[in-house]
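The values are calculated or read from the model by the stated rules, or taken from the named source; none is laboratory data. Since this is a predicted model, take the numbers as computed values, not measurements. Neighbour counts are summed over all protein chains in view; Cβ atoms, including those assigned to glycine, are modelled from backbone coordinates with ideal geometry.
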Amino acid sequence: MKINIKIPTSLKEITLRQYKKYLKIQDTVKDPRFLNAKMIEILCNVRLEDVMLLKLSDSQEIVSILSNLFDKKPALVTRFNLNKVDYGFHPELDEMTLGEYIDLDTFIGDWDNMEKAMNVLYRPVVVKLKDRYNIEEYRLGTEGVLLDMPMDAVMSSIFFFWNLGLELSKTMTNSLDSKEAEILTQYLNSQKSGVGINHFMDSLQGTLQELKISLN
């Protein structure tokens, strides 16, 4: 029986929704053979019963191809199109509001809520002139759309923030007024709740390690 499977050739062809679904399966499935079958099913968007009809050698090759997609360090994706809407990466991170920063810090290492972090970083472009653009103001409750954003944008922004790390928190503190800076400093230094820059960096490192990205 001939089975046609479209294998993604880049992370641009895999959505955040698909990857989150695979991660949930990964947490519950112990049999590596069945987990590989679920990887092909979810990331190639094919029926599981069809996956089971593949030759063993073919299935192993597909799993290798898919796994290798997550081994690379992607360049930052600044623009992508989703549902005919042009999305842009936050063009002025040093102008980020306190609320944006806290939401980003809270959710950037949480795969259950990764779309909330992406909602801070990527928003519809409202004004553009050549390579310059402005994005919509930050709003809660719009993150669901970003479940279908491409994984190259997700991974590149995660890696970007690993590199940016502490510099961002310093820039944020310096750009806020004294009252806002005090609130942010307290937040960053918070140990009791496990949040702040230590949580931010630890969660990013954990996220990158899960994705098998080298930190060097």
| query | Can you tell me which of P124, P150 is closer than 22 Å to I42 by Cβ and touching a strand residue (DSSP E or B) at 6+ places or on another chain (Cβ under 9 Å)? | reply | P150
| task | Tell me which residues, restricted to region 90-127, are modelled with pLDDT under 95 and of a type in the set (F, W, Y). | result | Y101, F107, W111
| said: Condition check: modelled with pLDDT under 85 and either of a type in the set (V, I, T) or within 22 Å of the chain's Cα centre (by Cα) (or both). Does L204 satisfy that? | reply: yes
| message | Could you tell me how many of the residues in region 111-131 are assigned to a strand (DSSP E or B) and of a type outside the set (K, R)? | response | 6
| query | On the given criteria, is I108 touching a residue at least 12 places away in the same chain (Cβ under 8 Å), outside the structural domain of L23 (by TED's automatic domain parsing) and under 14 Å from the mean Cα position of the chain (by Cα)? | reply | yes
| request: State the number of residues belonging to region 84-131 that are loosely packed, with under 12 Cβ neighbours inside 10 Å and over 19 Å from T15 (Cβ atoms). | output: 8
| task | Please enumerate the residues belonging to region 50-72 that are surrounded by 12 or more Cβ atoms within 10 Å (Cβ to Cβ), within 26 Å of the chain's Cα centre (by Cα) and part of a loop (DSSP other than H, G, I, E, B). | result | F70, K72
| Residue in region 27-49 that is farther than 30 Å from K130 by Cβ, small (G, A, S), loosely packed, with under 14 Cβ neighbours inside 10 Å and outside the structural domain of N119 (by TED's automatic domain parsing) present | no
| note | Exactly one of N174, N134 is assigned to a strand (DSSP E or B), over 18 Å from A117 (Cβ atoms) and either at pLDDT 90 or above or not hydrophobic (A, V, I, L, M, F, W, C) (or both), and that residue is N134
| Just checking, how many residues over region 30-48 are farther than 19 Å from M151 by Cβ, out of contact with any Asp or Glu (no Cβ under 6 Å at 6 or more places or on another chain) and not aromatic (F, W, Y)? | 6
| Which of the residues that make up region 1-26 are surrounded by 12 or more Cβ atoms within 10 Å (Cβ to Cβ) and more than 23 Å from the chain's Cα centre (by Cα)? | I3, I5
